[in-house]
Every structure is written in structure tokens, then in C-alpha cells.
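Down below is the structure, laid out as C-alpha cells.
The values are calculated or read from the model by the stated rules, or taken from the named source; none is laboratory data. As the structure is a prediction and not an experimental result, all values here were calculated from the model. Cβ placement follows ideal geometry from the backbone for every residue including glycine, while neighbour counts extend to all protein chains displayed. In case anyone asks, the SASA skips ligands and DNA or RNA and just uses the protein heavy atoms, side chains included. Shrake-Rupley method; radii C 1.70, N 1.55, O 1.52, S 1.80 Å.
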Amino acid sequence: MIQIGIVGCGVIGNRLAAAIDDHDRYELAAACDLDPDRAASLAADHGTDRTATTTDHAALVETDGLDAVYVGVPPLAHREVVADALAAGRHVICEKPIAADAETGRELVSLAAETDRVTAVNLPFRYTPGFVRLREAVAAGEVGDPRRVELRFRFPRWPREWQDVAWLESREQGGPLREVGTHFLFGVQELFGPIETVSADVGYSGPDAYEDDVVGTFRADGVRGTIDLLCDHDGEEENSVTVVGDGASLSLTEWYRLVRDRGREGEETLVDERGDTVRALLTEFAGAVDGDGGDLVSFAEATRVQEVLDAVHASDGDRVRPGTGGDAP
């Protein structure tokens with residue numbers, strides 16, 4: 001049984017806790033949140049009479065018998081919590097994004113490399129049935145020659161109504177690109193490999209506030225891509241990735257539904273299954289802890305995504321090569 005502690009008992013922390021409670025390889029050993037009532041509530045709902053609660057993550061990582069730590073705090077706090085967990089000899093699952101910026105992400109990659117601990121980032125497209133089918137279809141040539149990959153985001157309200165946390169409004173660590181775009185840029189990376197260049201025109205909702213209007217382009221493995229994001233408008237929320245080939249077009253919409261565009265014949269739904277991606281992550285993580293492999297998103301993979309996000313914010317309409325901090329040739 002893997003004894004795991006959760007740092008950050010918000011919406012995502014509770015989602016992880018529910019999956020841990022339902023998984024036969026895990027037991028919730030400890031819960032930490034700056035709000036002691038939230039830690040106590042999570043432990044009561046998903047722990048045992050042995051589950052400890054604390055407001056200090058440094059105390060949690062030193063819990064006797066603890067094997068692993070899930071880091072579900074805001075991005076600016078990731079480095080400190082991950083570093084302390086690794087120093088205490090714990091395996092680590094970190095919530096996306098890996099950090100608020102790629103420089104910190106690279107520091108976490110180095111810290112992880114200095115240990116023999118298992119590390120992973122929670123980027124669920126690795127396990128989402130519709131996205132897995134999309135990845136396989138593109139690799140098998142089912143769209144023909146890929147001509148375009150399109151990312152589209154619409155948020156009538158940001159943060160969304162269920163996201164009652166102020167840090168999501170900040171330019172420093174919040175915004176829809178970090179919170180949602182991370183998933184889809186990781187998806188592009190899964191489909192075509194690292195994104196090589198980025199150019200974007202970014203508008204912000206106010207000084208030091210989140211991006212609310214992005215029109216951008218990128219290139220990955222020779223395939224041109226587009227980013228189209230708009231917040232604070234009249235309409236429905238939308239998130240999608242579409243791969244347009246010379247033989248077919250496939251779109252992942254609503255996070256999980258894979259649709260083929262059949263032109264005049266209309267659309268055909270290929271996958272309409274959400275899948276239990278949190279359980280899949282926990283199962284793969286347990287396998288890695290046991291030494292039996294495990295299909296996990298590495299700190300390095302997540303940092304490559306953050307390099308793209310940094311490049312989008314830095315672009316100002318210029319073409320930027322992610323990870324270099326400078327203009328592309």
C-alpha cells in the first residue's frame with residue numbers, strides 16, 4: 001500500500017483524494033492546506049482514522065511511513081513543496097503546470113534527476129481515450145498529411161464560476177493559458193513533438209492580470225499551428241484541438257469527445273468516453289514506484305510545455321524559439 005500525502009486541498013486535491021480512496025494501491029496518510037478546515041474536511045471524506053492533517057507542508061513531507069506526495073498548490077509554490085518532498089525521500093506527483101515559468105521547471109528537472117524518486121506531472125491527455133485515439137490516428141496516417149493543428153479556447157468568464165481562487169486572475173501564475181492551454185500544448189507535443197517556434201499577439205485584462213485575448217501561430221515538426229483564445233465574452237465555453245490533414249480532419253472537443261469531419265456527410269463521433277484519467281495516472285505511478293515502468297509525464301516534458309507558454313507571453317508578435325529566451329532565426 002502506497003502511503004500518500006496531499007498538499008493543497010482545493011477542487012483538484014479533493015479529486016485526487018477521491019481517486020486515492022477508490023484505488024486499492026493507495027492510502028491517504030496526510031493532508032495539508034493553509035486552511036485547516038479544508039485539510040480536515042478532505043481527510044474526513046477520503047482518509048482513515050490514521051490520516052494526519054497539517055497547515056505546514058514541511059511537516060507533511062516528514063510524516064512517518066509516507067511514500068509519496070501529491071502537490072496541488074498554486075504554481076508559484078511548486079518548487080518549494082516539490083524540493084522539500086524530494087529532499088525527504090518521497091515520490092512526487094505535481095499538478096500542472098510544472099511551475100509558473102520554465103526556468104523554475106528546469107530547476108525541478110535537475111532536482112528530480114539528483115534522486116531515484118519517481119516523479120510525474122498530472123497532464124491527463126496521456127490517458128484520455130479520445131486523445132489517445134487522436135494520437136494513434138495521426139501517427140497511422142488516418143488524416144493523411146497533417147496540414148494544420150488548431151487550438152481554440154473560449155471562456156465567457158475567467159476564472160470560471162467554480163474556480164473560487166484569486167491567483168488564477170494574476171499574470172504571474174494564473175491565466176487561461178497556464179490553467180487550460182497547458183493541456184492542449186502538451187497535446188501538440190504528444191502529436192508532433194516539441195514546438196519549435198511561436199509568434200503571438202497577446203492582450204491582457206489589466207495591469208498584472210491574466211491574458212484575455214490571444215491570436216498566435218506556432219510550428220511543430222513542420223506542421224503549422226494556431227492559437228485562438230478569447231475571454232470575457234458572450235457565449236459558451238469551448239476548448240478544442242483540431243488536426244486538419246489532406247485526407248481528413250479530427251477534433252477533440254469538450255476535453256474527451258473525438259469527432260471526424262466527413263465534409264458533406266457531416267460529423268462522425270469516434271470516441272465519446274471520458275475515461276478515468278486520475279485512476280490511470282495513479283495506476284501508472286504505482287507501477288513506477290514498484291519498479292515496473294509506468295507511462296508518466298515527466299518533469300522534462302512538462303517543462304517543454306512551459307517553455308512554449310513563456311514564449312507566447314514574451315513574443316509581442318515576434319517569432320520566438322521556446323526555451324531560448326530569444327527571437328527565432
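Rounded, prolate or oblate, given the Cα gyration tensor of the chain, with a/c below 1.5 counting as rounded? It would help to have the intermediate numbers written out before the result.
Numbers: a/c = 1.71, a/b = 1.49, b/c = 1.14.
It comes out prolate by the Cα gyration axes.
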- [ ] Looking at the chain, send over the antiparallel percent of its DSSP beta bridges, to the nearest 5.
- [x] 60
Open item on the list: Between ASP228 and TRP162, what is 0.36 nm times their sequence separation minus the Cα-Cα distance? Round to one decimal in nm.
Closed with: 21.4 nm
Open item on the list: Is there a quick way to get the dipole size of region 129-274? I mean about its Cα centre, with the Cβ of Lys and Arg at +1 and of Asp and Glu at -1; what is the value in debye to the nearest 20?
Closed with: 460
- [ ] Could you give me the percent of Cα pairs per 5 Å distance bin for region 129-274, shortest bin first, beginning at zero and ending with the bin that holds the maximum distance?
- [x] 2, 9, 18, 21, 19, 15, 10, 5, 2, 0
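Defining a contact as two alpha carbons under 8 Å apart and six or more residues distant in sequence, what relative contact order in percent does the chain show? It would help to have the intermediate numbers written out before the result.
Values: 726 pairs, mean separation 59.1, N = 329.
Here the relative contact order equals 18 percent.
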TODO: For ARG319, enumerate residues with amide H under 5 Å from its amide H, sequence gap 5+ or separate chain, H modeled in the peptide plane.
DONE: ALA328
Task: Long-range HN-HN contacts of GLY245 with modeled amide H, under 5 Å - done: ARG147, LEU250
Task: Cα gyration tensor, region 194-329 - rounded (a/c under 1.5), prolate or oblate - done: oblate
Task: Amide proton proximity set for THR53, modelled H, under 5 Å, gap of 5+ - done: ALA31
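With the other protein chains left in place, how much accessible area per residue, in square angstrom, belongs to region 94-180 at a 1.4 angstrom probe?
Values: 3690 Å² over 87 residues.
That works out to 42 Å² per residue.
Of all accessible surface on region 240-299 at a 1.4 Å probe, what whole percent is carbon and sulfur? Intermediate values should be presented prior to the final figure.
Working: 1160 of 3030 Å².
Ligands and nucleic acids excluded, carbon and sulfur reach 38 percent.
Treating only the Cβ of Lys, Arg, Asp and Glu as charged (+1, +1, -1, -1), what charge dipole size does the chain show about its Cα centre? Round to the nearest 20 debye. Numbers along the way, then the final one.
Numbers: 31 positive and 63 negative charges, 149 e Å.
With only Lys, Arg, Asp and Glu charged at Cβ, the dipole is about 720 debye.
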- [ ] Write down the percent of antiparallel bridges among all DSSP beta bridges whose residues are both part of region 129-274, to the nearest 5.
- [x] 85
Open item on the list: For the full complex of protein chains and a 1.4 angstrom probe, list TRP158, TRP167 by accessible area with the highest value first.
Closed with: TRP167, TRP158
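Using a/c under 1.5 as the rounded threshold, could you call region 1-138 rounded, prolate or oblate? The axes a ≥ b ≥ c are square roots of the C-alpha gyration tensor eigenvalues, and prolate needs a/b larger than b/c, oblate otherwise. Don't skip to the end; give the middle numbers.
Values: a/c = 1.68, a/b = 1.23, b/c = 1.36.
Because a/c hits 1.5 or more and a/b fails to exceed b/c, region 1-138 counts as oblate.
Percent relative contact order of region 129-274, based on C-alpha pairs within less than 8 angstrom and at least six residues apart? Don't jump to the answer; show the numbers that get you there.
Numbers: 312 pairs, mean separation 47.0, N = 146.
Averaging sequence separation for qualifying contacts and normalising by length gives 32 percent for region 129-274.
Of the accessible area of region 103-157, with the probe set at 1.4 angstrom, what percent is carbon plus sulfur?
On the way: 1020 of 2480 Å².
About 41 percent, which is the carbon plus sulfur part of the accessible surface.
R0 = 30 Å: FRET efficiency of ALA300 with SER205, Cβ-based, nearest 0.05? Could the numbers behind the result be given before it?
Details: r = 32 Å, r/R0 = 1.06.
Plugging the Cβ-Cβ distance into 1/(1 + (r/R0)^6) gives 0.40.
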- [ ] Determine the distance separating the Cα centre of region 57-87 from the Cα centre of region 152-177; give it in Å without decimals.
- [x] 25
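Just order 233-240, 207-214, 60-67, 272-279 by mean Cβ neighbour count inside 10 Å, highest at the front, would you? Don't skip to the end; give the middle numbers.
Working: 233-240: 12.1, 207-214: 16.9, 60-67: 18.4, 272-279: 15.4.
In decreasing order of mean packing, 233-240, 207-214, 60-67, 272-279 become 60-67, 207-214, 272-279, 233-240.
Rounded to the nearest whole Å², what accessible area per residue is found for region 210-291 with the 1.4 Å probe?
Numbers: 4150 Å² over 82 residues.
Averaged over the residues of region 210-291, the accessible area is 51 Å².
Calculated from DSSP H runs of 4 or more alone, at -39500 (n - 2.57) each and per residue, what is the 222 nm mean residue ellipticity of the chain, nearest 500?
Numbers: 9 runs with 100 residues, N = 329.
It comes out at -9000 deg cm²/dmol, rounded to the nearest 500.
Grab the Cα-Cα distance for ASP318 and LEU34, subtract it from 0.36 nm times how many residues apart they are, and report the gain in nm with one decimal. Provide the component values of the computation, followed by the final result.
Numbers: separation 284, 0.36 × 284 = 102.24 nm, distance 4.09 nm.
Contour length minus the Cα-Cα distance gives 98.1 nm.
In debye to the nearest 20, how big a dipole does region 194-311 give about its Cα centre with +1 on each Lys and Arg Cβ and -1 on each Asp and Glu Cβ? Kindly include the intermediate steps, with their values, before the conclusion.
Values: 9 positive and 29 negative charges, 92 e Å.
The calculation lands at about 440 debye.
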